[in-house]
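> Take this structure first; my questions come after.
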């Protein structure tokens, strides 16, 4: 009980700190908006230009053979997820085909991901989600990542998930402003600094953040598509969910932005569908020191899901320990 009480106190403090931080009105300058919008346009042209990448023009799955009869694809959570996907896209079968990004966006808006289905037969169950995540190991194809942008959304309807959805709304003017991640066909530069978490090489990854400053500014600065912000590096590394196993890790420790106190990990549960887990790291100081995560184990924060673009090229996640 003491450990459970301690975890609940820490989780409540984390939620309050995120609420307070999200209420701080910080607005990007016009120059920052122009730079970010230009970066989006440049990366959009360059993301799929990697040498030696395979891409299926018919929108098929390029990640290699995926056994749908065992493991994560055959779990209750994944079956519910596929049923929800079929409900928003009549052309989606769920026999290995990849959900379109438009359908993924519609899927993220359904009550399922917020835990609002009343009937247990169709409702989100986080224990079932953890089962699917656990059975997604060993990693499919030894750990692959799509090249390009993936639509994403937060899973769950608890306090932390609600806070995460409204986080930063005073800056983005958009609820649920986090819309996924983009993975590049490029290695992140090695950063030599005292707070870097490790010197492992990884693929460049950014987070998609949707802003809405009204039709005029959105058109002026090219803000119709989410901005690519908060960079990190992605590699295959040890899982925090299951120590001793691996996961596809998104590490922000080489940077000093708002995501730096966190670490993500993802696993592919169905072709092009990745379940992710976000952890707050020990010693992390949030909201100008209002909350310091105690030393010890990282603290689990939220689950999320990512959807790859149909036909997207894939890359093997780096595994080397040092540059």
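The values are calculated or read from the model by the stated rules, or taken from the named source; none is laboratory data. No experiment lies behind these values; they were computed from the predicted model shown. Counting neighbours? That spans all protein chains shown, and the Cβs are built from the backbone with ideal geometry, glycine included.
> Condition check: assigned to a strand (DSSP E or B), within 20 Å of residue 273 (Cα to Cα) and modelled with pLDDT of 95 or more. Does residue 241 satisfy that? Write out each step before concluding.
Working: assigned to a strand (DSSP E or B): no; within 20 Å of residue 273 (Cα to Cα): yes; modelled with pLDDT of 95 or more: yes.
No.
> More than 23 Å from residue 147 (Cα to Cα), out of contact with any helix residue (DSSP H, G or I) (no Cβ under 7 Å at 6 or more places or on another chain), surrounded by fewer than 22 Cβ atoms within 10 Å (Cβ to Cβ) and at pLDDT below 95: is that true of residue 217 in this structure? Give the steps one after another, and end with the answer.
Numbers: more than 23 Å from residue 147 (Cα to Cα): yes; out of contact with any helix residue (DSSP H, G or I) (no Cβ under 7 Å at 6 or more places or on another chain): yes; surrounded by fewer than 22 Cβ atoms within 10 Å (Cβ to Cβ): yes; at pLDDT below 95: yes.
Yes; evaluated as a whole, the condition is true for this residue.
> OK, next. Please go through segment 288-312 and pick out each residue that is under 18 Å from residue 159 (Cα atoms) and at pLDDT below 95.
Selection gives 291, 293, 299, 300, 301, 302.
> Additional query: Is it the case that segment 231-249 has a residue that's touching a residue at least 40 places away in the same chain (Cβ under 8 Å), over 22 Å from residue 267 (Cα atoms) and out of contact with any helix residue (DSSP H, G or I) (no Cβ under 6 Å at 6 or more places or on another chain)?
Within segment 231-249, not a single residue is touching a residue at least 40 places away in the same chain (Cβ under 8 Å), over 22 Å from residue 267 (Cα atoms) and out of contact with any helix residue (DSSP H, G or I) (no Cβ under 6 Å at 6 or more places or on another chain).
> A further question on this structure: Any chance you could count how many residues in segment 134-164 are outside any strand (DSSP E or B) and either surrounded by 19 or more Cβ atoms within 10 Å (Cβ to Cβ) or touching a helix residue (DSSP H, G or I) at 6+ places or on another chain (Cβ under 7 Å) (or both)? Break it down stepwise before answering.
Here is the first cut: in segment 134-164, the ones outside any strand (DSSP E or B) are 134-143, 147, 156-164.
Add one more test, that the residue is either surrounded by 19 or more Cβ atoms within 10 Å (Cβ to Cβ) or touching a helix residue (DSSP H, G or I) at 6+ places or on another chain (Cβ under 7 Å) (or both), and what stays is 135-136, 140, 143, 147, 156-157, 159-161, 163-164.
Going through segment 134-164 one residue at a time, the tally reaches 12.
> Quickly run through segment 85-116 and pick out the residues that are under 17 Å from residue 75 (Cβ atoms) and in a loop (DSSP other than H, G, I, E, B).
Within segment 85-116, 94, 95, 96 qualify.
> If we keep just the residues of segment 108-122 that are free of Cβ contacts under 8 Å to residues at least 40 places away in the same chain and in contact with a helix residue (DSSP H, G or I) (Cβ under 8 Å, 6 or more places away or on another chain), which is surrounded by the fewest Cβ atoms within 10 Å (Cβ to Cβ)?
Here the answer is 110.
A quick yes/no check of all residues on (1) under 30 Å from residue 136 (Cβ atoms); (2) touching a strand residue (DSSP E or B) at 6+ places or on another chain (Cβ under 6 Å):
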site: 163; (1), (2): yes, no
site: 167; (1), (2): yes, no
site: 170; (1), (2): no, no
site: 210; (1), (2): yes, yes
site: 215; (1), (2): no, no
site: 218; (1), (2): no, no
site: 221; (1), (2): no, no
site: 236; (1), (2): yes, yes
site: 244; (1), (2): yes, no
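> Looking only at segment 197-204, decide whether some residue is under 21 Å from the mean Cα position of the chain (by Cα), free of Cβ contacts under 8 Å to residues at least 40 places away in the same chain and over 30 Å from residue 124 (Cα atoms). First the steps, then the outcome.
Let us first name the residues in segment 197-204 that are under 21 Å from the mean Cα position of the chain (by Cα), namely 197-198, 200-204.
Next, only the ones that are free of Cβ contacts under 8 Å to residues at least 40 places away in the same chain stay: 204.
Right, trim to over 30 Å from residue 124 (Cα atoms) and you get 204.
Checked segment 197-204: at least one residue is under 21 Å from the mean Cα position of the chain (by Cα), free of Cβ contacts under 8 Å to residues at least 40 places away in the same chain and over 30 Å from residue 124 (Cα atoms).
> Okay, next question. Any residue in segment 184-200 that is closer than 23 Å to residue 168 by Cα and surrounded by 15 or more Cβ atoms within 10 Å (Cβ to Cβ)?
So the first thing to find is which residues in segment 184-200 are closer than 23 Å to residue 168 by Cα, and the list is none.
For segment 184-200, residues closer than 23 Å to residue 168 by Cα and surrounded by 15 or more Cβ atoms within 10 Å (Cβ to Cβ): absent.
> A follow-up question, please. Just a yes or no: is a residue in segment 102-115 at pLDDT 95 or above and within 30 Å of residue 201 (Cβ to Cβ)?
Yes, some residue in segment 102-115 is at pLDDT 95 or above and within 30 Å of residue 201 (Cβ to Cβ).
> Let me ask another. If you go through segment 62-83 one residue at a time, do you hit one that is part of a loop (DSSP other than H, G, I, E, B), touching a strand residue (DSSP E or B) at 6+ places or on another chain (Cβ under 6 Å) and more than 25 Å from residue 156 (Cβ to Cβ)? Outline the logic, then answer.
Pass one, segment 62-83, residues part of a loop (DSSP other than H, G, I, E, B): 62-71, 75.
In the following step, the residues that additionally are touching a strand residue (DSSP E or B) at 6+ places or on another chain (Cβ under 6 Å) were identified as 62-63.
When the remaining residues are screened for being more than 25 Å from residue 156 (Cβ to Cβ), the result is 62-63.
Yes, the conditions are met somewhere in segment 62-83.
> Regarding segment 37-60, can at least one residue be identified that is modelled with pLDDT of 90 or more, surrounded by fewer than 16 Cβ atoms within 10 Å (Cβ to Cβ) and either under 18 Å from the mean Cα position of the chain (by Cα) or closer than 20 Å to residue 272 by Cβ (or both)? So that I can check it myself, show each step before the final result.
Step one: of segment 37-60, the residues modelled with pLDDT of 90 or more are none.
Within segment 37-60 (the criterion being modelled with pLDDT of 90 or more, surrounded by fewer than 16 Cβ atoms within 10 Å (Cβ to Cβ) and either under 18 Å from the mean Cα position of the chain (by Cα) or closer than 20 Å to residue 272 by Cβ (or both)), the answer is no, since none of the residues qualifies.
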